[in-house]
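In what follows, a single structure is set out as structure tokens and then discussed.
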Amino acid sequence: MDGFDLIIFDCDGVLVDSEIIAAEVESRLLTEAGYPIGVEEMGERFAGMTWHNILLTIEREAAIPLSASLLDKSEKLLDARLAQEVRVIEGVKPMLSRIRKPYCICSNSTAHRLDMMLSKVGLREVFGPYVYSAKDLGPDRVKPKPDIFLHGAGQFSANPANTLVIEDSVHGIAGARAAGMRVVGFTGASHTYPSHADRLTEAGAETVISRMSELPGVISALAEWQGAV
């Protein structure tokens, strides 16, 4: 793994199986508001985006005025369900024990939600203080912008070109690539869909895995390839 200075993990849909819960909550609220959409379509189109940006996208696309109250309503419903239901992605803890390079989390979720989810699944102490929320940087600096990835790399004085990101969404991969980083796509969470791996590859992932047990070997292989070019 000598080819990388830092490994950056997204959180939702990579470390914790939360994207499916968000898709269920948000698809119900949108359908009730006059924009019928299923859970799978929510995951395929909007995974990795903030709820605020999802609402803005739908308003532009469908010319449906969506109530500002949906913002707070979704946050409360989702936090309540996550506190009860969120689970760690299978294989994450053994995988992390095999990573020998510095690692951190760079997420679009709020710091409060990250703390809650990571504490519930037993990962809070594993990552310690190295958990970064794009929303702490400002509302206009979330993925797919590269800001949170560059912020995370900066905390370790890591070269973006020598930083590897693990992402489950097209939007996250777009942000990581814009930051000049390499990306591994992940499709092992419950919100995955038939064309998921293809879309992550098209977005810029060098390879895509569906099991976390594969990641240490993939990191080593990519590091060796990097050193050979």
Residues with amide H under 5 Å from that of PHE9, placed H, sequence gap 5 or more:
CYS104, ILE105, CYS106, ILE166
Once phi for every residue in segment 61-66 is put through the Karplus expression 6.51 cos²θ - 1.76 cosθ + 1.60 (θ = phi - 60°), the whole-Hz ³J(HN,Hα) values, with Gly and Pro written as x, are 6, 10, 6, 10, x, 9
Enumerate the whole-percent occupancy of each 5 Å bin, from 0 to the last occupied one, for all C-alpha pair distances of the chain.
1, 7, 15, 20, 21, 17, 10, 5, 3, 1, 0
Counting only DSSP beta bridges with both residues in the chain, what percent are antiparallel, rounded to the nearest 5?
5
Sorted by chain and number, the residues with a modelled amide H under 5 Å from that of VAL183, at a separation of 5 or more or across chains, are VAL165, GLU206
If you project the alpha carbons of segment 40-115 onto the principal axes, what extent comes out on each, in Å, largest first?
49, 24, 23
Estimated dipole of the chain in Debye, rounded to 20 [Cβ of Lys and Arg +1, of Asp and Glu -1, Cα centre]
460
How much accessible area per residue does segment 103-220 have, in Å², with a 1.4 Å probe?
39
Summing -39500 (n - 2.57) over every DSSP H run of at least 4 residues in the chain and dividing by its residue count gives a helix-only mean residue ellipticity at 222 nm, to the nearest 500 deg cm²/dmol, of -14500 deg cm²/dmol
Remind me, what semi-axes does segment 174-216 give for its equivalent ellipsoid, largest first in whole Å, using sqrt of 5 times each Cα gyration tensor eigenvalue?
18, 13, 8
With a Cα-only, solvent-free Debye model of segment 129-229, what are the log10 I(q)/I(0) values at q = 0.10, 0.23 Å⁻¹?
-0.28, -1.29
May I ask you to list the chymotrypsin sites (Phe, Trp or Tyr not before Pro) in segment 108-199 that are in a DSSP loop and have at most 10 other Cβ atoms within 10 Å of their Cβ?
none
Label-point separation (nm) for SER210 and GLU224, each offset 7 Å from Cα along Cα-to-Cβ?
2.5
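The values are calculated or read from the model by the stated rules, or taken from the named source; none is laboratory data. None of the values given here were measured: they were computed from a predicted structure. We place every Cβ from the backbone using ideal geometry, glycine too, and count neighbours over all the protein chains shown. Quick note on the areas: whole protein, heavy atoms, side chains included, nothing else; ligands and nucleic acids left out. Shrake-Rupley method; radii C 1.70, N 1.55, O 1.52, S 1.80 Å.
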